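Student: Pasting in a structure now, in structure tokens, and then I'll have a few things to ask.
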Amino acid sequence: MDGFWQVLIFFLLLVILGYFTGSYREKKHYKSIQKRERQTRRLPMTTISSASALPATVETRLFVVALVISVDSFKRMTVALRNSIGEGHLIVQETLLDRGRREALLRLKEQAMEWGATQMLNVQFETSTIGGSHGGQKIGTVEIIVYGTGVK
């Protein structure tokens, strides 16, 4: 029985370490996102219909960013536990998608600004899951693609 408690304590220490490490990295990523959002705020983004007149342009270019993001092990266990208890609101998945969308959009804006774009038109998002399942559990990996037309 002594070995059982050692394994249990070791497992709990790993879970706690995973929780704090994941939380720290997520907060650090959010701070980075907020800083970069302030830096790219000056690039306007609009969606126009096909009937709208295009702005006066010198040059246009299509920008595409693909981002793959996955939940950490602690969040994966949280989702598995939540799914075994019942359906409901999965905040850990929502933060994954929020960070992914914001990161992809920032990369798009940074690329466009580096090229010299003065605005972005028709920015669109596509989201899909990658992989299948492992042991009956869905793998928490998401691909986010964002694209739009940069205008000089």
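The values are calculated or read from the model by the stated rules, or taken from the named source; none is laboratory data. Since the structure is predicted, the reported quantities are computational estimates derived from the model, not experimental observations. Here the Cβ positions follow ideal geometry from the backbone for every residue, glycine too, while neighbour counts run over all protein chains shown.
Student: Of the conditions (1) surrounded by 15 or more Cβ atoms within 10 Å (Cβ to Cβ); (2) modelled with pLDDT under 75, T149 satisfies every one except a single condition; which number is it?
Tutor: For T149, the exception is condition (2).
Student: Looking only at residues in region 113-127 that are in a strand (DSSP E or B) and at negative phi, which one is nearest to the chain's Cα centre (by Cα)?
Tutor: Ranking the qualifying residues of region 113-127, first place goes to T127.
To keep it simple, each residue is scored yes or no on (1) out of contact with any strand residue (DSSP E or B) (no Cβ under 7 Å at 6 or more places or on another chain); (2) loosely packed, with under 11 Cβ neighbours inside 10 Å; (3) closer than 30 Å to E114 by Cα; (4) at pLDDT 85 or above.
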site: D2; (1), (2), (3), (4): yes, yes, no, no
site: K28; (1), (2), (3), (4): yes, yes, yes, yes
site: A66; (1), (2), (3), (4): no, no, yes, yes
site: M77; (1), (2), (3), (4): yes, no, no, no
site: S84; (1), (2), (3), (4): yes, yes, no, no
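Student: Turning to a different aspect of this structure: Can you tell me which residue is nearest to R99 (Cα to Cα) among those in region 20-51 that are touching a residue at least 12 places away in the same chain (Cβ under 8 Å) and among the hydroxyl-bearing types (S, T, Y)?
Tutor: Y30
Student: On to the next question. For residues that are more than 14 Å from V123 (Cα to Cα) and of a type in the set (S, T, Y), scanning just region 51-63, find the one that is modelled with the lowest pLDDT.
Tutor: Per the criteria, the residue is S52.
Student: Condition first: hydroxyl-bearing (S, T, Y) and at pLDDT 90 or above. Now tell me which residues in region 93-131 satisfy that.
Tutor: Once the filter is applied, which keeps residues that are hydroxyl-bearing (S, T, Y) and at pLDDT 90 or above, region 93-131 yields only T118.
Student: Here are some conditions: (1) surrounded by 11 or more Cβ atoms within 10 Å (Cβ to Cβ); (2) β-branched (V, I, T); (3) at pLDDT 85 or above. I9 meets all but one. Which one does it not meet?
Tutor: Of everything listed in (1) surrounded by 11 or more Cβ atoms within 10 Å (Cβ to Cβ); (2) β-branched (V, I, T); (3) at pLDDT 85 or above, I9 misses just condition (1).
Student: How many residues does region 14-47 contain that are under 16 Å from the mean Cα position of the chain (by Cα) and polar (S, T, N, Q)?
Tutor: Number of matching residues: 3.
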